[in-house]
Amino acid sequence: MDTAGNIQRRLAAIVEGSEDAIIAKNLDSIILTWNPAAERIFGYSPDEVIGRPITILIPDDRKDEEADFIARLRRGERIANFETVRKRKDGTPIPISLTVSPLRDDEDNIIGASKIARDITHQREAEERQQLLLSEMRHRVGNSFAVASGLLSIAARHAGSVPELVTVMRQRLNALAAVHSQAVSDPSGRKAEGTTLSELLGAILEPFTGDSPAQMEIPEVHVCPAALTPISLVVFELATNAVKYGGLSQNGEGIAIRANRLGDRLIIHWKESSAPAPASGEADHVGFGTRMTQSTVSSSLGGTFSRDFNTEGLTATLDLDLALVTGSSPSRSSDENVAATGGEKRASTMSADSCAE
């Protein structure tokens with residue numbers, strides 16, 4: 001038989017076992033109850049918060065929300081799924097979804113409120129990832145047309161006939177598709193494969209450069225699977241812009257890539273002549289492609305990306321964590337460079353760094 005005591009114990013068990021913070025307060029905003037999930041989410045123990053104003057959880061710029069809640073509660077209103085920000089004991093902000101309901105006494109008078117606070121950090125992160133993906137898709141779809149146009153211009157310079165132009169374009173577009181597939185086929189990097197940095201750069205640049213000048217001076221570095229995608233995306237972005245605006249455009253003077261090891265860092269310099277400043281005309285303008293490149297380099301390669309426009313053209317610099325590129329601990333051997341010019345690749349005479357699987 002469900003007695004009042006049994007029902008009370010069941011309700012208490014539900015509150016104690018909830019993954020959401022469940023808090024009771026009076027109409028003066030004083031905290032009355034505090035369940036384990038509230039302690040986990042906000043960092044305060046019950047002894048630290050019961051009897052204190054709930055405003056200790058509210059950032060200064062959102063204090064007005066509590067006054068609005070109290071006014072609505074006095075009118076008997078219920079606030080459902082209100083997304084806002086609160087702060088933990090250590091001061092860090094946390095996005096939450098609030099549902100606030102009036103509490104009534106035996107005479108149906110409103111005496112306070114119950115609050116259910118759900119941590120929506122993961123939901124917000126997923127939404128941000130989705131927005132980034134959509135922005136990247138829009139950016140890359142637009143780039144695809146620009147790249148095709150640029151490749152057509154490059155091929156047309158040297159094609160002696162329409163059939164030759166068709167053949168060259170088909171080869172370059174197929175190569176471009178292969179590189180793009182390589183860049184996105186296994187974002188998790190779980191496949192136990194890899195390649196050398198020289199081979200990777202050569203494969204990425206082949207459909208862009210054709211007969212255009214391309215000089216590379218690359219050390220013998222093995223690129224592990226997890227680093228293939230971010231490096232491919234970054235170089236693909238640089239090559240795309242070079243075809244549209246810079247060293248690989250119709251009036252461009254080619255590109256030069258030089259890389260070297262500095263302790264536990266891998267430094268890659270990309271230099272192209274006749275690369276104009278950004279389309280906005282502002283030297284410090286940062287477009288989506290640059291922001292995406294900076295984010296990719298920082299989050300996946302433990303490094304930084306910078307660029308410098310001058311009268312001679314563009315110099316872009318990637319400062320990468322060598323261990324994240326190779327998938328192994330930093331090498332103790334001395335720096336050794338193997339040069340390859342004009343896109344030509346040389347066979348390795350050294351054993352590659354082992355790649356993490």
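Read the figures in this text as sums done on the coordinates, not as results from a lab. Bear in mind the structure is a predicted one, so any value in this text is a computation, not a measurement. Glycine also receives a Cβ, built like all others from the backbone with ideal geometry; neighbour counts cover every protein chain displayed.
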Qualifying GluC sites (Glu not before Pro) for region 56-146 [loop in DSSP, other Cβ within 10 Å: at most 16]:
E77, E107
Other residues with Cβ under 12 Å from the Cβ of A316 give, with Lys and Arg +1 and Asp and Glu -1, a net charge of -1
Rg/Rh ratio calculated on Cα atoms of region 4-119 (Kirkwood radius):
0.95
Work from the charge dipole of region 4-119 (Cβ charges, +1 for Lys and Arg, -1 for Asp and Glu, about the Cα centre) and give the residue of A37, N26, G76 farthest towards its positive end.
A37
Would you please name the trypsin sites (Lys or Arg not before Pro) within region 14-71 that are DSSP coil residues with at most 11 other C-beta atoms within 10 Å of their C-beta?
K63
